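To keep things clear, I will list the structure first and then write my remarks on it.
The values are calculated or read from the model by the stated rules, or taken from the named source; none is laboratory data. All figures in this text were calculated on a predicted structure; none of them were measured in a lab. All Cβ positions, even for glycine, are placed from backbone atoms using ideal geometry, and neighbour counts span all protein chains on display.
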Amino acid sequence: MSLAEASVVQQDWSEFSRRVLEGGALTRAEAISILQAPDEQLLSILDAAYAVRRAWFANTVQLYYLKNAKSGLCPEDCSYCSQSKISEAPIERYAMLNAERLLDGARKAAESNSRTYCIVASGRGPTNREVNHVAGVVRQIKDQYGLHICCCLGLLEPEQALKLKAAGVDRVNHNLNTSERYHPEICTTHTFADRLKTLSICRDAGLELCAGMIVGMGEQQGDVVDVALKLGELNVESIPVNFLHAIDGTPLQSQHELDPRYCLKVLCMFRLTNPSAELRVAGGREVNLRSMQAMALYPANSMFVSDYLTTPGQKAEEDFRMIADLGFRITAGDYESAKLLELWKVPHAVSCGAASAGSCGSGGCG
Ligand code: SF4
């Protein structure tokens with residue numbers, strides 16, 4: 001053993017999980033220490049995070065299905081996003097999908113045993129006409145499929161949030177994306193405060209909140225922890241953690257700084273700082289976690305199935321196989337595992353028809 005290896009102090013990570021399970025919290029410095037831990041301590045960190053995940057969610061997995069309801073054409077300049085005005089990524093661009101297309105997405109969500117159908121539209125924020133359209137379709141989806149509905153439509157006005165709530169929308173996604181400190185580095189057309197305001201408007205309208213971040217955009221480890229602590233303060237119900245899928249044609253196209261071990265430590269840190277929140281391993285899962293994707297479900301208890309906004313994901317049947325291999329159970333849906341595998345044997349078409357660029361949170365207006 002080298003001197004350097006011998007000097008690594010083994011932290012008692014189980015003390016973190018014990019404290020959290022007893023209702024305590026980690027300090028900012030302790031949360032950062034998880035991200036800085038040597039790789040040889042990763043299994044102990046995963047064990048601590050898994051103890052907390054088990055206490056709230058046992059071995060269940062919640063699935064989410066995304067529909068890119070409106071693609072590209074966005075006047076904002078989010079540097080990670082393939083749909084922004086400054087992106088040269090060759091994505092498909094289209095206006096808000098009609099009711100039939102959105103209902104078709106809901107059918108696929110139900111067939112994939114997803115608990116939640118996410119309707120995502122590019123843009124700074126929706127027009128009132130777009131909100132009325134989505135609200136009308138949501139009523140039909142609720143009648144036909146009874147799915148949990150999450151809308152991600154950008155910055156919202158109070159009346160728009162109330163209209164979505166009245167139509168039966170359960171939750172709104174609006175990611176913080178990064179810390180307040182780092183936000184001006186990734187977007188100049190709206191502020192971190194704008195994002196907080198929309199979350200506050202949605203909370204006041206009685207909607208559940210889904211808000212997360214994109215890791216790997218050049219931020220510091222303290223920024224990642226600051227987002228986790230802020231989301232804890234906001235008491236959000238659902239946290240999607242995206243890992244940057246750098247897209248050619250975007251300003252962050254050359255940003256490739258993540259490795260699978262760090263991604264897992266990030267998820268563990270989020271679990272230990274937000275013990276009761278639904279934690280989702282979101283966009284960039286396949287490209288950044290690679291062969292270690294399954295391990296993400298020890299700290300996280302949810303994931304997207306099938307494709308992202310403008311990039312294809314792992315085949316749904318492989319997702320189902322991964323969950324079954326872990327011995328975990330999908331929480332909702334009417335289809336048995338065998339039927340699921342049969343339904344999804346032939347890969348469904350990429351939902352938006354584009355084969356490149358973007359991913360949920362790293363390419364959509366959340
Ligand atoms: S993340 Fe949303 S607001 Fe930002 S550029 Fe992309 S579509 Fe526009």
With respect to residue 66, determine if the residue is closer than 30 Å to residue 188 by Cα, of a type outside the set (S, T, N, Q), modelled with pLDDT under 95 and crowded, with 18+ Cβ neighbours inside 10 Å. yes
Does residue 99 qualify as being over 30 Å from residue 123 (Cβ atoms) and modelled with pLDDT of 95 or more? no
Complete set of residues in region 178-194 that are free of Cβ contacts under 8 Å to residues at least 40 places away in the same chain, out of contact with any strand residue (DSSP E or B) (no Cβ under 9 Å at 6 or more places or on another chain) and more than 19 Å from residue 251 (Cα to Cα): 193, 194
Kindly establish whether residue 92 is surrounded by fewer than 23 Cβ atoms within 10 Å (Cβ to Cβ) and within 14 Å of the ligand (Cβ to nearest atom). yes
Considering region 128-167 alone, what residues qualify as being within 21 Å of residue 92 (Cβ to Cβ) and over 18 Å from the mean Cα position of the chain (by Cα)? 130, 133, 134, 137
Before we move on, is residue 282 under 25 Å from residue 59 (Cα atoms), in contact with a helix residue (DSSP H, G or I) (Cβ under 6 Å, 6 or more places away or on another chain) and among the small types (Gly, Ala, Ser)? no
Is it the case that some residue within region 116-126 is touching an Asp or Glu at 6+ places or on another chain (Cβ under 9 Å), of a type in the set (Val, Ile, Thr) and in contact (Cβ under 8 Å) with a residue 40 or more places away in the chain? yes
Exactly one of these conditions fails for residue 253: (1) in a helix (DSSP H, G or I); (2) without any contact (Cβ under 8 Å) to a residue 12 or more places away in the chain. Give me its number. (1)
Need at least 1 residues that are modelled with pLDDT of 65 or more and surrounded by 24 or more Cβ atoms within 10 Å (Cβ to Cβ) per element, so show me which helices (runs of 4 or more DSSP H) inside region 273-366 make the cut, counting only ones lying wholly within it. 285-289, 316-326
Number of the exception - residue 100 against (1) loosely packed, with under 15 Cβ neighbours inside 10 Å; (2) within 16 Å of the ligand (Cβ to nearest atom): (2)
What do you reckon, is residue 110 of a type outside the set (Lys, Arg), over 23 Å from residue 209 (Cβ atoms) and outside any helix (DSSP H, G or I)? no
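Would you confirm whether or not region 69-82 contains a residue that is in contact with a Ser or Thr (Cβ under 9 Å, 6 or more places away or on another chain), free of Cβ contacts under 8 Å to residues at least 60 places away in the same chain, hydrophobic (A, V, I, L, M, F, W, C) and within 16 Å of the ligand (Cβ to nearest atom)?
Yes, the conditions are met somewhere in region 69-82.
How about region 133-158: which of its residues are away from the ligand (no atom under 16 Å from the Cβ) and under 21 Å from residue 70 (Cα atoms)?
133, 135, 136, 137, 138, 139, 140, 141, 142, 147, 148, 149
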Scanning region 195-233 residue by residue, the ones that are among the hydroxyl-bearing types (Ser, Thr, Tyr) and in contact (Cβ under 8 Å) with a residue 24 or more places away in the chain total 1
Suppose we keep only residues that are closer than 17 Å to residue 97 by Cβ and β-branched (Val, Ile, Thr) within region 139-190. Which one would you say is surrounded by the most Cβ atoms within 10 Å (Cβ to Cβ)? 169
Consider residue 10 carefully, then state whether it is crowded, with 18+ Cβ neighbours inside 10 Å, at pLDDT below 95 and of a type in the set (S, T, N, Q). no
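If you check residue 117 against the conditions, is it closer than 30 Å to residue 255 by Cβ and either more than 16 Å from the ligand (Cβ to nearest atom) or at pLDDT below 95 (or both)?
No: the conditions fail for residue 117.
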Across (1) farther than 27 Å from residue 274 by Cα; (2) in a strand (DSSP E or B); (3) in contact with a Lys or Arg (Cβ under 6 Å, 6 or more places away or on another chain), residue 105 clears everything bar (2)
Of the conditions (1) at pLDDT 95 or above; (2) under 30 Å from residue 189 (Cα atoms), residue 86 satisfies every one except a single condition; which number is it? (1)
